[in-house]
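Everything on this sheet refers to the single structure shown next.
The values are calculated or read from the model by the stated rules, or taken from the named source; none is laboratory data. Quantities reported herein were computed from a predicted structural model and do not represent experimental measurements. A quick note on method: Cβ atoms are made from the backbone with ideal geometry, for glycine too, and the neighbour counts reach across all protein chains shown. Areas reflect the complete protein model, heavy atoms only, side chains present, ligands, DNA and RNA absent. Shrake-Rupley method; radii C 1.70, N 1.55, O 1.52, S 1.80 Å.
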Amino acid sequence: MRFHLIDRIESWDAGERISARKVTSRQEARWAPALYRGPDRDLLPFGLTLEALCQAATWLIMLSTGHRRRAVLLTVGEAVAHRPVRFGEVLHMTAVVESMSDEAALVGGVVAVDGEPVLEAAGVLCALRAGAELEDPADTRRMAGQLLDGGRVR
């Protein structure tokens, strides 16, 4: 992953679900809040909130396959924003595998702040590619160790 929207993986069940979190900050250069004018300058763009959920789902696929497979986004069936996310809020992502084969996965999930859903997505279709084709396997394992509690990789 070129940029990371996951700070910690809180729990995961292989092939089923993952819970992760991200503390948002206006200091992250890729969000460039100074470029926005008006009332939206303190809001996390909708696309990045959805990307955080998709990254959680990607980690679920990678962890579930021992880092052999990785999800590549193809299409989003439905994504609904319930309210904007303000910088400084903590995102809690829960991604769930709806179905999965060797070549594709269908996932969905919720992004919440303080228990309140801020985004829901369903029918997120991903191609599954060989993890080594997209990232250095050693880098992926190191990052997984940093994201998992205590560095434990299942």
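So the values come out like this:
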{"quantity": "Which listed residue is farther than 18 Å from ASP13 by Cα, modelled with pLDDT of 95 or more and open to solvent by 10 Å² or more (accessible area, probe 1.4 Å), from VAL72, VAL76", "calculated": "VAL76"}
{"quantity": "Within the stretch 1-27, tally of residues that are open to solvent by 70 Å² or more (accessible area, probe 1.4 Å) and of a type outside the set (Lys, Arg)", "calculated": "4"}
{"quantity": "Matching residues in the stretch 80-93 - criterion: being over 13 Å from the mean Cα position of the chain (by Cα) and open to solvent by 40 Å² or more (accessible area, probe 1.4 Å)", "calculated": "VAL80, ALA81, HIS82, ARG83, PRO84, ARG86, GLY88, GLU89, VAL90"}
{"quantity": "Test for GLY131: is it small (Gly, Ala, Ser), over 23 Å from VAL23 (Cβ atoms), buried (at least 16 other Cβ atoms within 10 Å of the Cβ) and touching a His at 6+ places or on another chain (Cβ under 8 Å)", "calculated": "yes"}
{"quantity": "Single residue of the stretch 134-149 satisfying the filter (open to solvent by less than 40 Å² (accessible area, probe 1.4 Å) and among the hydrophobic types (A, V, I, L, M, F, W, C)) that is nearest to GLU103 (Cα to Cα)", "calculated": "ALA144"}
{"quantity": "Pairs with Cβ under 8 Å, 6+ apart, first in the stretch 116-129 and on the phi > 0 side of the Ramachandran plot, second of a type outside the set (Phe, Trp, Tyr)", "calculated": "GLY123/THR75; GLY123/VAL76; GLY123/GLY77; GLY123/GLU78; GLY123/GLU98; GLY123/LEU106; GLY123/GLY108"}
{"quantity": "Unmet criterion (only one of (1) open to solvent by 40 Å² or more (accessible area, probe 1.4 Å); (2) under 15 Å from LYS22 (Cα atoms); (3) of a type in the set (Ser, Thr, Tyr)) for THR49", "calculated": "(1)"}
{"quantity": "Candidate set: the stretch 36-69, residues that are assigned to a helix (DSSP H, G or I) and either acidic (Asp, Glu) or on the phi > 0 side of the Ramachandran plot (or both); chosen: the one modelled with the highest pLDDT", "calculated": "GLU51"}
{"quantity": "Pick from the stretch 94-115, criterion among the polar types (S, T, N, Q) and surrounded by fewer than 18 Cβ atoms within 10 Å (Cβ to Cβ), ranking: farthest from the chain's Cα centre (by Cα)", "calculated": "SER101"}
